Amino acid sequence: MSLRVLVVEDDREIRAMLQAALSVEGMAVQTAVSVSEAAALVRHATPDVILLDLGLPDGDGADLVRAVRAHSAVPVIVISARHQEEQKIRLLDAGADDYLTKPFSVPELLARIRVALRHRGTALSAAVTRHVHGELSVDLSTREVRVNGAAVHLTPTEFALLARLVRSAGRVVTHRQLLADVWGPEYTEHTHYLRLYMGQLRAKLEPVPAEPRHLLTETGVGYRLAVE
Ligand code: CA
């Protein structure tokens, strides 16, 4: 059965481009031009992936994300313009899985969809416990972290931060999510903790800490552990 994708986008050209690009990949594409139309569609059948544009005529889709999240783990990928940082973060914190900033390429979009689906699969089966990318390997069950095969010692907080990123490998994790999950819900404003610990992690794990290949910064949004 082909993958069912719901594209929510009011711009006719972008909608047509997405529909064409995804259909070529063998996906069954449904489209909606507003939040309300999308909400009506998902009430009948939940697609396998939702691509949600932020610039819609009737809202930013946060309610849609919350409504979908109430009964389904379907990946929601937000498509945003550069100036929509705040809205984007709000949707990620509401339960959206990831985002793409316009203009993006079709390969980028397909990569994000693959990562999102991989996580949906693992959410239903076993949790992600291993991460291997280039010279970095992390095993959450044994708490082993290696760079080029050599064991690296991490402090408990450094390990907790890395583990949180491993569990969402390939997807963005917002500052708020990282702070809440690693330090606790009362620490969500303490972004300086993140900068400090991310600096320490990069110094230990990155071949060139100033040019990270694993612990990627998503400016103004959060961090992403690279997978491909
Ligand atoms: Ca739009």
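Of the residues 180, 116, only one is part of a helix (DSSP H, G or I) and either in contact with a helix residue (DSSP H, G or I) (Cβ under 9 Å, 6 or more places away or on another chain) or of a type in the set (Val, Ile, Thr) (or both); which? Don't jump to the end; show me each part of the working.
Values: 116 fails: either in contact with a helix residue (DSSP H, G or I) (Cβ under 9 Å, 6 or more places away or on another chain) or of a type in the set (Val, Ile, Thr) (or both).
On inspection, the qualifying residue turns out to be 180.
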Among the residues of the stretch 77-89 satisfying the criterion of being within 16 Å of the ligand (Cβ to nearest atom) and of a type in the set (A, V, I, L, M), which is surrounded by the most Cβ atoms within 10 Å (Cβ to Cβ)? 78
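Please go through the stretch 22-41 and pick out each residue that is touching a strand residue (DSSP E or B) at 6+ places or on another chain (Cβ under 7 Å) and either more than 11 Å from the ligand (Cβ to nearest atom) or not polar (S, T, N, Q) (or both).
If we filter the stretch 22-41 for residues that are touching a strand residue (DSSP E or B) at 6+ places or on another chain (Cβ under 7 Å), which is where we start, we get 22-23, 27-32, 34-35, 38, 41.
Correct list: 22, 23, 27, 28, 29, 30, 31, 32, 35, 38, 41.
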Filtered residues of the stretch 181-215 (kept if within 23 Å of residue 153 (Cβ to Cβ) and within 20 Å of the chain's Cα centre (by Cα)): 181, 182, 194, 195, 198, 212, 213, 214, 215
Of these, 63, 48, 53, which one is closer than 23 Å to residue 173 by Cα, touching a strand residue (DSSP E or B) at 6+ places or on another chain (Cβ under 7 Å) and open to solvent by 10 Å² or more (accessible area, probe 1.4 Å)? 48
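Check the stretch 137-154 and report whether any residue there is part of a helix (DSSP H, G or I), β-branched (Val, Ile, Thr) and either in contact with a Lys or Arg (Cβ under 8 Å, 6 or more places away or on another chain) or in contact (Cβ under 8 Å) with a residue 24 or more places away in the chain (or both). Working first, answer last.
Kept after step one, since they are part of a helix (DSSP H, G or I), are these residues of the stretch 137-154: none.
Scanning the stretch 137-154, I find no residue that is part of a helix (DSSP H, G or I), β-branched (Val, Ile, Thr) and either in contact with a Lys or Arg (Cβ under 8 Å, 6 or more places away or on another chain) or in contact (Cβ under 8 Å) with a residue 24 or more places away in the chain (or both), so the answer is no.
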Hey, can you tell me all the residues within the stretch 70-104 that are in contact with a Ser or Thr (Cβ under 6 Å, 6 or more places away or on another chain) and among the hydrophobic types (A, V, I, L, M, F, W, C)? 74, 89, 92
Residues located in the stretch 38-48, provided they are over 20 Å from residue 113 (Cα atoms) and either without any contact (Cβ under 8 Å) to a residue 12 or more places away in the chain or in a loop (DSSP other than H, G, I, E, B) (or both): 40, 43, 44
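For the stretch 213-226, give me each residue that is in a loop (DSSP other than H, G, I, E, B) and open to solvent by less than 40 Å² (accessible area, probe 1.4 Å). Break it down into steps so the answer makes sense when it comes.
Going residue by residue through the stretch 213-226, those that are in a loop (DSSP other than H, G, I, E, B) are 213-214, 219-221, 226.
Within the stretch 213-226, 214, 221, 226 qualify.
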Answer from 103, 75, 107 - the residue that is on the phi < 0 side of the Ramachandran plot and in contact (Cβ under 8 Å) with a residue 40 or more places away in the chain: 75
Can you tell me which of (1) buried (at least 16 other Cβ atoms within 10 Å of the Cβ); (2) in a helix (DSSP H, G or I) is the one residue 100 doesn't meet? (2)
Exactly one condition in (1) assigned to a loop (DSSP other than H, G, I, E, B); (2) within 16 Å of the ligand (Cβ to nearest atom) is not met by residue 51; state its number. (1)
Taking into account only those residues within the stretch 4-21 that are open to solvent by less than 50 Å² (accessible area, probe 1.4 Å), closer than 21 Å to residue 39 by Cβ and not in a strand (DSSP E or B), which is farthest from the ligand (Cβ to nearest atom)? 18
If only one of 211, 158 is without any contact (Cβ under 8 Å) to a residue 40 or more places away in the chain and either touching a Cys at 6+ places or on another chain (Cβ under 9 Å) or more than 21 Å from residue 69 (Cβ to Cβ) (or both), which one is it? 211
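The values are calculated or read from the model by the stated rules, or taken from the named source; none is laboratory data. Owing to the predicted nature of the structure, the values given are computational and were not obtained by experimental measurement. No Cβ is skipped: glycine too gets one built from the backbone with ideal geometry, and neighbour counts run over all protein chains shown. The area values use the complete protein model at the heavy-atom level, side chains included, leaving out ligands, DNA and RNA. Shrake-Rupley method; radii C 1.70, N 1.55, O 1.52, S 1.80 Å.
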